[in-house]
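Report on the following structure.
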Amino acid sequence: MEPHQRSTVTLPLLSSNSNSQDHSSTAQSTFHCQSSSLIKGEVRNKSPKMAEKGDIIMDSVTMQSKTNGGGGSPPCTLTIDEKTDGDGEIPYDPHAHRQLEHPTTNTETLIHLLKGSLGTGILAMPQAFYNAGLLVGAVCTVLIGIICTYCLHILVKSQYILCKRVREPVLTYPVSMKLALQEGPHCLRMFANVSAPIVDIFMISYQLGICCVYIVFVATNVKQVADYYITPLDVRLWMLILLLPLILINMIRNLKLLAPFSQAANIITFVGISIVMYYVFDQMPSPNSRELAGALRNFSLFFGTTLFALEAVGVIIALENNMLTPRSFGGYCGVLNKGMTVIVILYVFVGFFGYIRYGPDCLGSITLNLPQEDILAQAVNIIFAIAIYITYALQCYVPVDIIWSTYMKKKYENSDHRLVIEYTMRAGVVLVTFLLAVAIPRLGLFISLFGALCLSALGIAFPAIMEICVLWPDNLGRFYYVLWKDILLIIFGILGLVVGTSTALIDIIRSFQ
């Protein structure tokens, strides 16, 4: 049985439905407390109910109020038995203490999750299957999807445990990593102070990399249509034309306002995928004409592309932190599992049949394989260009939030020019992604590079390290199975980072020769 401690709270009786027969009798009443800092919910006299008092669970409530001759309602007194933990501390629930200006519902969060993952990655899956082969690609996409989802679960769980320990409603990924290492094995504690900026660098680099890929994708798809009707232009000129619209959509400052745009992007994305699959199943060759397993060297490119496509770690953390009901995010039937199940199925479907249809001719986006002269194919290019343009704002939200909240907000929070500075920073982030995209307009290799470089660490290795540290040393399970499992994940992540990054860099260099 959990220990308890007793507290007494005195507050005004705000309403009473009693008809007092005696001046000294106890009022039989129902009241609602107007101060959310004291009591959330409703307490009924002589019928104790579970209610929340900040971080206190009141499971035994006694209320008494004496009426007086004047019929007034003097203060009532609550005697509360408060649940405590084993150390006599009142348990802290971070979710109950989150104060959000624009919280998102479960449906809005699921929409954001689908849109954040159904970007350029799904269109690159046929080329990824070409690198891995039909059988290996299908099996490994499912396995990587399971690993990514599991690592996201342990990341969210570890952050929740740390929030409870330090009694904070929300912790960022970098701060969580620092706190975890401070409590972990002694050999890791020396890295605690440098871990936060390292995570920030990976997070910002990855999200900016996604934004670069999106700029290349939108410009390439618009160019393919425009080249058919007007004078062909270099893809870099189309990037320049897109610069102002990208800056404007990045001026949206909260996820709540982005939800309708994400919903619209989801709809047109599914429409676009349906049209792509129409072309894929038209004149479909025999699966026997395709390799079941690709070259071993190319598997690292498959790994980077698939990881890039599946692991939207930065967006997912932001979504969970911004939820109205964050408890609904995890669990077997939670928002995360529902979203990732749909995403993995779609990725396998598009990759498998897209590779069968186009084989070794698969390009960095399957939309570029569609017949350029068909109006329907041209419509697909425009549809996906619009969808990815909308998604750019969602992906850019993460680096903007990190840069502003971590490095600029304290300095400029009370400035008269706060909004001007923030909007200038937002425009600057877009400009950086534009310059990088112009410098390296290689869509498929860009995807593999940033997937292997950043997500192997952020999405696999770092969550495993954090779980070891958070559960160290007494909660690692029987025979330390959690420790051994996380060590395997760390090794897997490091191998993916080293091999995938080096292969992508070599191929990028060769592409310019």
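From the residues in the stretch 434-464 that are buried (at least 24 other Cβ atoms within 10 Å of the Cβ) and modelled with pLDDT of 90 or more, which one is nearest to residue 156 (Cα to Cα)?
Only one residue tops the list, namely 463.
From the list 200, 234, pick out the single residue that is among the charged types (D, E, K, R) and within 28 Å of residue 464 (Cα to Cα).
On the way: 234 fails: within 28 Å of residue 464 (Cα to Cα).
Every option except 200 fails the conditions.
Determine which single condition residue 348 fails, assuming it passes every other condition in (1) in contact (Cβ under 8 Å) with a residue 12 or more places away in the chain; (2) not in a helix (DSSP H, G or I).
Evaluating residue 348 over (1) in contact (Cβ under 8 Å) with a residue 12 or more places away in the chain; (2) not in a helix (DSSP H, G or I) leaves (2) as the failure.
What's the number of the condition residue 118 fails, among (1) modelled with pLDDT of 90 or more; (2) hydrophobic (A, V, I, L, M, F, W, C); (3) crowded, with 17+ Cβ neighbours inside 10 Å?
Looking at each condition in turn, residue 118 falls short on (1).
Listed here are the residues, each with its yes/no results for (1) under 18 Å from residue 356 (Cα atoms); (2) assigned to a loop (DSSP other than H, G, I, E, B); (3) open to solvent by 10 Å² or more (accessible area, probe 1.4 Å).
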residue	(1), (2), (3)
263	no, no, yes
275	yes, no, yes
284	yes, yes, yes
297	no, no, yes
316	no, no, no
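Filter the stretch 108-153 for residues that are outside any helix (DSSP H, G or I), on the phi < 0 side of the Ramachandran plot and small (Gly, Ala, Ser); which is nearest to the chain's Cα centre (by Cα)? Full working, then the answer.
Step one: of the stretch 108-153, the residues outside any helix (DSSP H, G or I) are 118-119, 124, 133.
Still in the running and on the phi < 0 side of the Ramachandran plot: 118-119, 124.
Pick out the ones that are also small (Gly, Ala, Ser) and you get 119, 124.
On the way: 119: 14, 124: 21 Å.
So, considering only residues that are outside any helix (DSSP H, G or I), on the phi < 0 side of the Ramachandran plot and small (Gly, Ala, Ser), the one nearest to the chain's Cα centre (by Cα) is 119.
So which helices (runs of 4 or more DSSP H) stay within the stretch 389-488 end to end and still have 1 or more residues that are aliphatic (A, V, I, L, M) and within 22 Å of residue 117 (Cβ to Cβ)? Reasoning before the result, please.
Working: elements: 409-412, 418-439, 443-450, 462-471.
Qualifying helices (runs of 4 or more DSSP H): 418-439, 443-450, 462-471.
Is it the case that the stretch 301-310 has a residue that's touching a residue at least 24 places away in the same chain (Cβ under 8 Å), in contact with a His (Cβ under 9 Å, 6 or more places away or on another chain) and under 30 Å from residue 401 (Cβ atoms)?
Pass one, the stretch 301-310, residues touching a residue at least 24 places away in the same chain (Cβ under 8 Å): 301-310.
Adding the requirement that they be in contact with a His (Cβ under 9 Å, 6 or more places away or on another chain) leaves none.
No: zero hits.
Please go through (1) farther than 23 Å from residue 309 by Cα; (2) assigned to a helix (DSSP H, G or I) for residue 213 and return the number of the only condition it doesn't satisfy.
All conditions are met except number (1).
Does residue 389 qualify as being hydroxyl-bearing (Ser, Thr, Tyr) and closer than 16 Å to residue 212 by Cα?
On the way: hydroxyl-bearing (Ser, Thr, Tyr): yes; closer than 16 Å to residue 212 by Cα: yes.
When the stated conditions are applied, residue 389 passes them.
Return the pair list, or none, for Cβ contacts closer than 6 Å from residues in the stretch 247-271 that are closer than 23 Å to residue 425 by Cβ and of a type outside the set (Gly, Ala, Ser) to residues that are in a loop (DSSP other than H, G, I, E, B) and at pLDDT 80 or above, at least 6 apart or on different chains.
Taking only residues 6 or more apart or on different chains, the pairs are 255/322; 258/252.
Quick check: anything in the stretch 357-378 in contact with a helix residue (DSSP H, G or I) (Cβ under 8 Å, 6 or more places away or on another chain), more than 29 Å from residue 294 (Cα to Cα) and modelled with pLDDT under 85?
Yes: one or more hits.
Tell me, please, whether a residue that is closer than 26 Å to residue 201 by Cβ, at pLDDT below 85 and among the basic types (Lys, Arg) can be found in the stretch 249-268.
First pass over the stretch 249-268, keeping only residues closer than 26 Å to residue 201 by Cβ: 249-255, 258.
Still in the list and also at pLDDT below 85: 252-255, 258.
Filter once more, so that each one left must be among the basic types (Lys, Arg): 253.
There is at least one residue in the stretch 249-268 that is closer than 26 Å to residue 201 by Cβ, at pLDDT below 85 and among the basic types (Lys, Arg).
Whether any residue in the stretch 240-257 is over 30 Å from residue 108 (Cα atoms), surrounded by 15 or more Cβ atoms within 10 Å (Cβ to Cβ) and out of contact with any Gly (no Cβ under 6 Å at 6 or more places or on another chain) is what I want to check.
First, pick out the residues of the stretch 240-257 that are over 30 Å from residue 108 (Cα atoms): 240-241.
Then keep just the ones that are surrounded by 15 or more Cβ atoms within 10 Å (Cβ to Cβ); that gives none.
Looking through the stretch 240-257, none of the residues is over 30 Å from residue 108 (Cα atoms), surrounded by 15 or more Cβ atoms within 10 Å (Cβ to Cβ) and out of contact with any Gly (no Cβ under 6 Å at 6 or more places or on another chain).
Starting from residues that are more than 22 Å from residue 257 (Cα to Cα) and in a loop (DSSP other than H, G, I, E, B), keep the ones in the stretch 318-345 and report whichever is most open to solvent (accessible area, probe 1.4 Å). Spell out the reasoning first.
Pass one, the stretch 318-345, residues more than 22 Å from residue 257 (Cα to Cα): 327, 330-334, 337-338, 340-345.
The next check asks that each one be in a loop (DSSP other than H, G, I, E, B); those that pass are 330-334.
On the way: 330: 27, 331: 46, 332: 213, 333: 107, 334: 5 Å².
In this case the residue turns out to be 332.
Hey, any hits in the stretch 481-499 for a residue that's over 30 Å from residue 447 (Cβ atoms) and open to solvent by 40 Å² or more (accessible area, probe 1.4 Å)? Don't jump to the end; show me each part of the working.
At the first step, the residues of the stretch 481-499 found to be over 30 Å from residue 447 (Cβ atoms) are 481-484.
If we keep only those that are open to solvent by 40 Å² or more (accessible area, probe 1.4 Å) too, we end up with 481, 484.
Yes; the residues of the stretch 481-499 include at least one that is over 30 Å from residue 447 (Cβ atoms) and open to solvent by 40 Å² or more (accessible area, probe 1.4 Å).
Pairs under 6 Å by beta carbon, first residue in contact (Cβ under 8 Å) with a residue 12 or more places away in the chain in the stretch 134-150, partner assigned to a helix (DSSP H, G or I) and among the aromatic types (Phe, Trp, Tyr), six or more apart or different chains?
What qualifies is 137/129; 138/352; 141/347.
From the list 327, 297, 290, pick out the single residue that is more than 27 Å from residue 432 (Cβ to Cβ), in contact with a Leu (Cβ under 8 Å, 6 or more places away or on another chain) and in contact (Cβ under 8 Å) with a residue 40 or more places away in the chain.
Numbers: 327 fails: in contact with a Leu (Cβ under 8 Å, 6 or more places away or on another chain); 297 fails: in contact with a Leu (Cβ under 8 Å, 6 or more places away or on another chain).
Among 327, 297, 290, only 290 is more than 27 Å from residue 432 (Cβ to Cβ), in contact with a Leu (Cβ under 8 Å, 6 or more places away or on another chain) and in contact (Cβ under 8 Å) with a residue 40 or more places away in the chain.
Determine, yes or no, whether residue 423 is farther than 28 Å from residue 127 by Cβ and surrounded by fewer than 14 Cβ atoms within 10 Å (Cβ to Cβ).
Taking the combined requirement at face value, the residue does not satisfy it.
One line per residue, one yes/no per condition, for (1) open to solvent by less than 10 Å² (accessible area, probe 1.4 Å); (2) within 20 Å of residue 122 (Cβ to Cβ); (3) in contact (Cβ under 8 Å) with a residue 60 or more places away in the chain:
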{"residue": "363", "(1), (2), (3)": "no, yes, yes"}
{"residue": "367", "(1), (2), (3)": "yes, yes, yes"}
{"residue": "373", "(1), (2), (3)": "no, no, yes"}
{"residue": "376", "(1), (2), (3)": "no, yes, yes"}
{"residue": "382", "(1), (2), (3)": "no, yes, yes"}
{"residue": "389", "(1), (2), (3)": "no, yes, yes"}
{"residue": "392", "(1), (2), (3)": "yes, yes, yes"}
{"residue": "406", "(1), (2), (3)": "no, no, yes"}
{"residue": "411", "(1), (2), (3)": "no, no, no"}
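The values are calculated or read from the model by the stated rules, or taken from the named source; none is laboratory data. All of these numbers come straight from a predicted model, not from anything done at the bench. As a convention, Cβ positions derive from the backbone with ideal geometry for all residues, glycine included, and neighbour counts pool all protein chains shown. The protein model used for the area step is the full one, side chains on, heavy atoms only, and it has no ligands, DNA or RNA in it. Shrake-Rupley method; radii C 1.70, N 1.55, O 1.52, S 1.80 Å.
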